[in-house]
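Below is one structure, written out as structure tokens; the observations come after it.
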Amino acid sequence: MYNGKYDLVKGDHEYSLDGVLIPSVTKILYHDKVWTIPKKNLEKAALVGTKVHDWIESYINAQMWGYDPDKKPKGFLEENAIKAFQWWVHFKSIKWLSTERTIFSASRWYAGTADALAWIDNRLVLIDFKTSGTIYDEYVSQLWAYGSALEEEGEFCPTHRLIVRLDKRK
């Protein structure tokens with residue numbers, strides 16, 4: 001979904017342009033973060049989050065292009081997060097514009113992948129879906145960085161930014 005001004009190659013939390021590495025927003029924000037959660041728990045949470053994000057991407061693409069989404073992933077945590085997403089969508093008037101859109105700031109030299117961009121209740125909203133147990137300050141910074149890059153690209157200028165926390169435990 002990238003607008004094509006630059007030929008970016010996505011790696012693991014980094015991108016490249018003509019062979020030059022561009023850090024991702026998340027790599028910049030979490031570079032010195034000290035996690036108090038055991039590594040195996042972080043890895044499990046990341047796997048659940050990836051499965052949920054993949055299904056949401058499938059759902060949004062299905063809504064935009066008129067086909068059926070992929071099967072929902074199995075698992076208590078995954079199913080709960082997807083139910084939370086479906087509940088949220090049910091109560092909103094949403095016209096999806098993109099999902100998993102690569103963004104790039106040439107002036108600040110960072111890139112990233114925005115979860116979704118949509119018209120919600122007549123507002124252009126940049127959305128970040130989170131399956132974590134809480135909202136961290138870095139999430140807000142991440143969303144603002146994505147929004148700034150979108151504005152710099154000139155194609156979209158979101159008027160609102162929204163973090164949607166999808167509770168895995170309920």
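Brief remarks on what is shown
- Distance between the modelled labels on T134 and E43, one decimal in nanometres: 2.5 nm (7 Å Cα→Cβ projection).
- Listed peptides 57-65, 78-86 by packing density, highest first (mean Cβ within 10 Å): 78-86, 57-65
- In the context of the full set of protein chains, residues of the chain present 58 Å² of accessible surface per residue (probe radius 1.4 Å, heavy atoms only).
- Binning all Cα-Cα separations of the chain at 10 Å, short to long from zero, yields these whole-percent fractions: 9, 37, 38, 15, 1.
- About the centre of its Cα atoms, the chain shows a dipole size close to 780 debye [charges on the beta carbon of Lys, Arg (+1) and Asp, Glu (-1) only; nearest 20 debye].
- Cα lying deepest toward the dipole's positive end in segment 60-170, options Q63, S98, L166, charges on Cβ: L166
- Protein accessible area in the chain, 1.4 Å probe - carbon and sulfur %: 53 percent
- Per-residue [θ]222 nm for the chain (sum of -39500 (n - 2.57) over DSSP H runs n ≥ 4, rounded to 500): -12500 deg cm²/dmol
The values are calculated or read from the model by the stated rules, or taken from the named source; none is laboratory data. Please read these numbers as outputs of a predicted model, since none were measured by experiment. Backbone-built Cβ (ideal geometry, glycine too); neighbour counts: all protein chains shown. All accessible areas refer to the heavy atoms of the entire protein, side chains included, with ligands and DNA or RNA removed. Shrake-Rupley method; radii C 1.70, N 1.55, O 1.52, S 1.80 Å.
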